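This report concerns only the one structure given below.
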Amino acid sequence: MIAARLTLRKLSHIFLVVKIFGGKKETKTMGGKGKRSQDLIRMEKENYRTTGLWFQDSIEFGHGCTMSIKIKDVLYHGRSRFQEIAVLDTEKMGRLLVLDGFIMLTEYDEFAYHEMICHVPLLVHPKPSRVLVIGGGDGGTVREVLKHPEVDTVHLCEIDEEVVTACRRYLPSLASSLDDPRLKIFYEDGAGFVADRPESYEIIIVDSTDPLGPGQVLFQKPFYADMKKALTDQGIAVTQCESLYLHRHIIESVYAVARKLYHRVGYYLTLVPTYPSGTIGFLFCSKNLDPLGEINEKRSTRLHNLRYYSPEMHRAAFCLPRFAREFLPINEGSQKK
């Protein structure tokens, strides 16, 4: 099957539809500013004929592979001061959030990411009353944080207000959490925000994009040092930390920085089919608490609507494959330095 590249720079006025008739290819370009996208997209399956529109992720990972997702409609497309934003309606995976051509999430599998970035640190800390989320304007991380009754206050620091606006309208399964009275939203740069708030949070969760453009600072030593200062005595920071298969140099570098700053450091995984390589990891950085030895299983039973997280998955996530030991020789999940 031929997959047509949907280029976000042309999303508002041009779509490429590829037809296959028993092996013969017929390509048509369909344009027209101002036309509704549902007038341009027709999905048909009949014997050997397939007509469709596909989104192709901008990331090309190992061996010339990339992710393509069949879509039904373009629900939203726009450009903020920071990035290009699109929300697409897919055939099988619910709604899809795309920033600058990269898949951020689908409704099909977002729970595996958001549950693991949140519940691992929150169920290790004995009283996570104040939580900071950096990035995460879609609302999925905040949704999971607010499942914990111990949480009194959540601060969301998102640099791009238009991401929040788009997700409120088109991704309510995630963004409805942004209306909770315990939440306060700040539209600021995350690095500067953390630096100005010493000893303010029990938990900091960095739900960042990849280390490109403005996001690079969130993977560097000054930011990790400022996070440590912003945490209370038993504080925990968890950061999005890329794929073991694709980003060895990034993980190795960030892990080395964190080991010099935090008493306990561990790398753990979750499985997200629509992310490059199907996996993504997190860096657990703690001033004191052990991510494997201090899981509050009783509190975990009170969390509702979980689809991925469990205490068993929590422990298993820190068990890394053999090849990862080449650049993460010590996963200090349960070891004191």
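Only the coordinates and a few stated rules stand behind these numbers; no lab work does. All of these numbers come straight from a predicted model, not from anything done at the bench. Neighbour counts are summed over all protein chains in view; Cβ atoms, including those assigned to glycine, are modelled from backbone coordinates with ideal geometry.
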### Message
Based only on other Cβ atoms within 10 Å, what is the fewest-to-most ordering of His119, His247?
### Response
His247, His119
### Query
By the gyration tensor of its Cα atoms, with a ≥ b ≥ c the square roots of the eigenvalues, what is the shape of the stretch 61-104: rounded for a/c under 1.5, prolate for a/b over b/c, or oblate?
oblate
### Message
Which of Ser277, Ser310, Ser286 has the fewest other C-beta atoms within 10 Å, and how do the rest follow up to the most?
### Response
Ser310, Ser277, Ser286
### Query
Excluding Phe111 itself, what net charge comes from residues whose Cβ is under 10 Å from its Cβ, given Lys and Arg +1 and Asp and Glu -1?
-3
### Dipole magnitude of the stretch 225-337, debye to nearest 20 (Cβ charges: Lys/Arg +1, Asp/Glu -1, about Cα centre)
200
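Counting other beta carbons within 10 Å of each Cβ, put Lys260, Lys298 in order, fewest first. Let's see the in-between values first.
On the way: Lys260 11, Lys298 8.
By the 10 Å Cβ count, ascending: Lys298, Lys260.
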#### Entry: the stretch 57-210 - share of DSSP beta bridges that are antiparallel (%, nearest 5)
55
### Task
Please figure out what share of the DSSP beta bridges in the stretch 110-334 is antiparallel and state it in percent, rounded to the nearest 5.
40
